[in-house]
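Structure, as structure tokens:
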There are 2 protein chains.
Amino acid sequence: MSKRIKIKALLESNETNIDVTVKGWVRTFRNNQFIALNDGSTNNNVQVVVDFENTDAALLKRITTGAALSITGTVVESIGKGQKIDIKAKEIEILGDSDPEKYPLQPKKHSLEFLREIAHLRFRTNTFGAIFRVRNSLSFAIHKFFQERGFVYLHTPVITASDAEGAGETFHVTNFDLDNIPRTDTNEIDYKQDFFGKATNLTVSGQLEGELGAMALSDIYTFGPTFRAENSNTTRHLAEFWMIEPEMAFYDLDDNMDLAEGLLKYVIKYALDNNREDIEFLTQRLQEEEKQKPQNERSEMSLLEKLQFCLDNDFVRLTYTEAIDILKDSTPNKKKKFQYLVEGWGTDLQSEHERYLVEKHFKKPVILTDYPKEIKAFYMRQNDDGKTVRAMDILFPGIGEIVGGSQREERLEKLEQRMDEMGIPKDELWWYLDTRRFGACPHAGFGLGFERLVLFVTGMGNIRDVIPFPRFPKNAEF
Amino acid sequence: MSKRIKIKALLESNETNIDVTVKGWVRTFRNNQFIALNDGSTNNNVQVVVDFENTDAALLKRITTGAALSITGTVVESIGKGQKIDIKAKEIEILGDSDPEKYPLQPKKHSLEFLREIAHLRFRTNTFGAIFRVRNSLSFAIHKFFQERGFVYLHTPVITASDAEGAGETFHVTNFDLDNIPRTDTNEIDYKQDFFGKATNLTVSGQLEGELGAMALSDIYTFGPTFRAENSNTTRHLAEFWMIEPEMAFYDLDDNMDLAEGLLKYVIKYALDNNREDIEFLTQRLQEEEKQKPQNERSEMSLLEKLQFCLDNDFVRLTYTEAIDILKDSTPNKKKKFQYLVEGWGTDLQSEHERYLVEKHFKKPVILTDYPKEIKAFYMRQNDDGKTVRAMDILFPGIGEIVGGSQREERLEKLEQRMDEMGIPKDELWWYLDTRRFGACPHAGFGLGFERLVLFVTGMGNIRDVIPFPRFPKNAEF
């Protein structure tokens, strides 16, 4: 028997009149004759032509949507259109049946909401096959980008004892029997008896630990899960998501912006080069979805065009202060169309403001820098004006903030002063401060929310559709 | 001013009489004249020659171990031995001081135990620089291996609601105020009020979710953190560790073994090709460490030889039953030298037995297959003998089990029967069973403990030294 060939490899080769074995799952079976078989290696199916007159009727009956088959046959030029080759089946083996009365995925359009409820099976649809292959390529492209530049991939801890950064609400991690939590004499929870001997939680960011690596290895990056226990039931938030956090010694904010823009372009290009068919399929999908919207709410560019546009254009760079001036003078602000009117310097930008800048004003990805220190984290480098810090946020069309970063405050005195002002406990972060005590240097870094990147590249609208098994309030299925 | 060049790139180029800027940290400063500067890009330092007669004494005093410097100078042929080039300094800038009275890392040998206590600074030593560069290469090699074979990298969830696999004790994840856990009318913990609306914990394995992906995409792999709340204070266990778990549709156990052996050889070769200097350094380190042991406890092969040996030899494959026969007849068993004597078929192998097979009997990596079903998980494919399952464990010298895997039970009836026998709740795993209901097929997979692989390739003895910030009982520092 011939060795199995994956469908992607088969469709890419042009050889005919050879015998092959393919294995996969039935997508459709038309006219008792044409099997569309998919094995997940590509969005495309191979068409298998069954000699139904000489095939056992009992076997034909078992060729149903979702069934797993092994098929050996001869590769021939296709008789249909849209595909170059078919397989003329010689031998069909049913590896696993799929009862059409019970199988939830039928060859028809299912809603994304329904598919979320059967996330264990949604990999088997065109849409989710494409999404998870694109997600895979983006993951690898991120590693490739950093490896080519000599960065060290650092696994920062998931369980931590400090929530010192104050980046958000955290999940507790404990080994206690929750029905019987040990107490001290004074009736406090006795964390000394917990697994780690202290209260621990799930990390909200690997940045602080990442900086420790950068202060020795020069350039590091993390790529791991991070957690927020925020009760956000939105299409942009998850309780568990993946983040990429590079930290670079001897980088200033300009170097940082160059790296982040370079990374985003590199990974988008990688997906376009390696997942063209998937992205074409997702472009089509989005166009069909948008047909249901009023004309003025549809995207001006298709998904493919939008991705190409990102590659072809420099991101616009401007300061927060300049952005505020633009927003104050903008038509939606003057006509009071914004939900939150922009009245002056100092307030944080809302999603509507970011989208206006990116989608209406510049029509390009935008990097905003030098935010007011009051709305940014303690570790960002303070500018001489006493008001702003060397922050940068990258804003993407349809997504909003996709990257947040800064040059870090390397001056011990300034850093400690800011920690005091903001009530960050210095004693808990003694190890972080040590990097400012011993061989400090200018350095910078950023965080890239991986699912937001996948959203952007796949054109999907809900973040729960771009991670295999989403975690959000009241949901931890599968 | 010239652009910064990393020390690795500088040492690899042969150009002299050019001006360069290097940035890094002082390892040593000898005779007020020779700075050994390291920037983490390589284990090697560049020697900077200071014209001390024409340099400000105050500045010279600040060139101390650990200080961060930016140095511009001319590349010249080295006057010393052991290096090809030096930099003749023209301009030295102190970016960050390092008070020699306070800096914990002095240019002398520190114990690994001491360095574990200052894990935030240990990246700055030769040993840990080498370890974490090797760890980085192994990570990337794993991705590269799977990407070249069309596997999809799948991020399985870290927070899960099921501990159905029963692979070990789990950590609870909760958003409850532990001081005030809500109760139901019947005084049970009211998990409906917890963040996810049910009790959740940290994953012990992504395998079951991985199988869901494989049943649509054919070949997937995970690479993420996993957790065990076991009170194991050993040199081989961590509470938080990284695991690689590939799952492949249409694979049997032989395919599975071929893939695992291929993966291990590929990543070891990648590290040897890309981290030769680091591994040579670690080989040297191990040799020096072993000098303190009695002759008969020292390794027969050096680290480099051992790695090369792994590449050059096929792994030995035999069944558990064959292994038991060998062990029963072995000298240490007959002379009662084993702590646990091997008396008959059915018991689990202890570390001493695995090491005997690998290190004494075969002197090669060993793959054991077809274990008794009683000592293996419910999802492993049952052999026709009714006694054994299609499991495989790969045993490595000095490490013991580095890979554990199996062909999975794809037959619904057999699987459910085994779950019933073992008390695994079928209703909780309805989604897992669905893959056996709809389009089941033969498939297989395995788990590779990443830190054990790093231990093997770096020759380190304690797993706490091969992960940046180890988590173990009573410890979650940094």
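Roughly how many debye, to the nearest 20, is the charge dipole of the stretch A:306-417 about its Cα centre, given +1 on each Lys and Arg Cβ, -1 on each Asp and Glu Cβ, and no other charges? The dipole of the stretch A:306-417 has a size of about 440 debye. Relative intensity of chain B on a log10 scale, I(q)/I(0) at q = 0.11 Å⁻¹, equals -1.01, per a Debye sum over C-alpha point scatterers of equal strength in the absence of solvent.
Label point of B:M301 (7 Å along Cα→beta-carbon): distances to the other copies' equivalent points are 5.4 nm, sorted ascending. Checking every one of the trypsin sites (Lys or Arg not before Pro) in the stretch A:271-301 against DSSP loop status and a limit of 10 other Cβ atoms within 10 Å picks out A:K291.
Amide hydrogen proximity for B:A239: with H placed 1.01 Å from N in the peptide plane, the residues at 5 or more positions away or on another chain lying under 5 Å are B:R471, B:F472. Relative to the longest principal axis of the Cα atoms of chain B, the long axis of helix B:276-290 makes an angle of roughly 80 degrees. Against chain A, whose longest principal axis is taken from its Cα atoms, helix A:412-422 shows a tilt of about 80°. Applying 1/(1 + (r/R0)^6) with r as the Cβ-Cβ distance of B:Q350 and B:S111 and R0 = 41 angstrom yields a FRET efficiency of 0.85. Comparing B:N180, B:L154, B:T170 along the charge dipole axis of the stretch B:146-217, the residue lying farthest to the positive side is B:L154, per the Cβ-charge model.
Across chain A, C-alpha contacts under 8 Å between residues 6 or more apart give a mean separation that, scaled by the residue count, equals a relative contact order of 14 percent. The label-point distance for B:T331 and B:T16, in a model that sets each label 7 Å from Cα toward Cβ, rounds to 5.7 nm. Shown for A:I18: label points 7 Å from Cα along the beta-carbon vector, and their distances to the equivalent points in the other copies, 4.6 nm in ascending order. Note on the stretch B:194-314: with charges restricted to the Cβ of Lys and Arg (+1) and Asp and Glu (-1), its dipole about the Cα centre is near 540 debye. With θ taken as phi - 60° and the Karplus curve 6.51 cos²θ - 1.76 cosθ + 1.60 applied, the whole-hertz 3J(HN,Hα) list for the stretch A:396-411 is 10, x, x, 10, x, 5, 10, 9, x, x, 5, 6, 8, 6, 9, 8 Hz, x standing for glycine and proline. For chain A, the longest principal axis of the Cα atoms and the long axis of helix A:303-312 meet at an angle of about 50 degrees. Label-point spacing at B:L112 relative to the other copies reads 5.0 nm, in ascending order, each point sitting 7 Å out from Cα along Cα→Cβ. Secondary-structure-derived ellipticity at 222 nm for chain B, considering helices only, amounts to -9000 deg cm²/dmol, per-run term -39500 (n - 2.57) for DSSP H runs with n ≥ 4. Each of B:I18, B:V49, B:T64 was placed along the dipole of the stretch B:17-80 (beta-carbon charges, centred on the mean Cα), and the one lying farthest toward the positive end is B:T64.
Readers should treat all values here as calculations from the given coordinates under stated rules, not as data from a laboratory. None of these values were measured; they are calculated from a predicted model. Counting neighbours? That spans all protein chains shown, and the Cβs are built from the backbone with ideal geometry, glycine included.
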